[in-house]
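Working notes, beginning with the structure itself.
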Amino acid sequence: MIRFTLFLLSFSTAVALDYPHHTAEPQKAGWPLTAEERAYVTEKAEHERRPGSESNKHLPQLWPQVPSAGHFGGDAWLKLHEAHVKTVQANQGPLDVLLVGDSITIQWGDSWKKHFPDLKTVNIGIGGDKTQNVLWRLDHGGVEGLQPKAIVLMIGNNNMFFTPETGIEVAALGIQMCVKNLHEKFPEAEIIVTEILPAHAPGNAFYEDIKKTNRALLRLGVQTLDISPKVHKLHLWADFTNADGTIKKDLFTPDNIHLSPAGYVVYAEKLKPLLKRK
């Protein structure tokens, strides 16, 4: 089991964050969803719900920092979230680790059980999620009632698809907002914020934007990511790249984005010292 010098004393799932924009969303927080909110997030594509859409304005600089439900078409994304909510409801109270993120997080699967067999863990990763989708899930039942001792957050990869519009700094601010949300809900939990893993190859726009976002995240850390001694940054880039910057192919699947079993071995070894803090 994880041992920390300070244990969870209290938790809250109330929304008190000062998001930089308020959309037309009818239900800003809470679970279950009202019929109006369910229709809003399933019948409108995500781009129709972005900050600014309610006033016919293009405000991409706000997208990563403002909660927004994902959308795969119809209610497919919402069903994944609902499944996670059921898991959360079945695991109320003390928890060793809460895993938060996108496909790289949800694909831990058996690798997590192999490397951390004694840790009670809830994994709420959803493939394709961006920072704004994680924020929405955190505010709509995604973690309510849990009391995690440690939280591992890996998010931001899918925000890279939108950096031509949003810019790099804003993508980093989205990660920062996820950290703030989690810290507010679980002030006594140890929060491990990982770098975005490399993808593709040097010179590729996706690769370069990830690298820039990680640097921006470090700059933010000096100012506000270090909101608590309980927030820890996990550096992974050097472990997944060669000396020339190319990715270590054996650690990735053929798409050069997701991790192979060997990649999860490296990730696990980097996490172990932080999850064994006393």
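Read-outs: derived from the displayed coordinates by stated rules, not from any lab. These numbers were taken from a predicted model, which means no experiment stands behind them. Ideal geometry is used to build each Cβ from the backbone, glycine not excepted, and the neighbour counts take in all protein chains shown.
For segment 153-179 versus segment 181-205, the inter-centroid distance based on Cα atoms is 10 Å.
Using a cut-off of 24 Å between Cα atoms, the listed pairs Lys86/Lys272; Lys130/Lys272; Lys248/Lys270 include Lys86/Lys272; Lys130/Lys272 as exceeding that distance. The 3J(HN,Hα) values that the Karplus relation (6.51, -1.76, 1.60; θ = phi - 60°) gives for segment 114-119 are, in residue order, 5, 8, 10, x, 9, 9 Hz. Gly and Pro appear as x.
In straight-distance terms, cross-link reach from Lys114 covers every one of the aspartates and glutamates whose alpha-carbon lies under 18 Å from its own, apart from those fewer than eight places away in the same chain; here that gives Asp96, Glu269.
Fewest-first ordering of Arg38, Arg50, Arg137 by other beta carbons within 10 Å of each residue's beta carbon gives Arg38, Arg50, Arg137. For the pair segment 224-270 and segment 71-112, the centres of their Cα atoms are 21 angstrom apart. Dividing the helix sum by the residues of the chain, where each DSSP H run of 4 or more adds -39500 (n - 2.57), gives a mean residue ellipticity at 222 nm of -10500 deg cm²/dmol. Under a model in which nothing but the beta-carbon of Lys, Arg (+1) and Asp, Glu (-1) is charged, segment 35-275 shows a dipole of about 340 debye around its Cα centre. Using a ≥ b ≥ c from the Cα gyration tensor of segment 35-275 (square roots of the eigenvalues), is it rounded, prolate or oblate, where a/c under 1.5 gives rounded and otherwise the larger of a/b and b/c decides, a/b for prolate? Here segment 35-275 falls in the rounded category. Between Lys57 and Ala262, the contour length at 0.36 nm per residue exceeds the alpha carbon distance by 69.3 nm. Each Cα pair under 8 Å and six or more residues apart adds its sequence gap; the mean of these over the residue count of the chain is a relative contact order of 21 percent.
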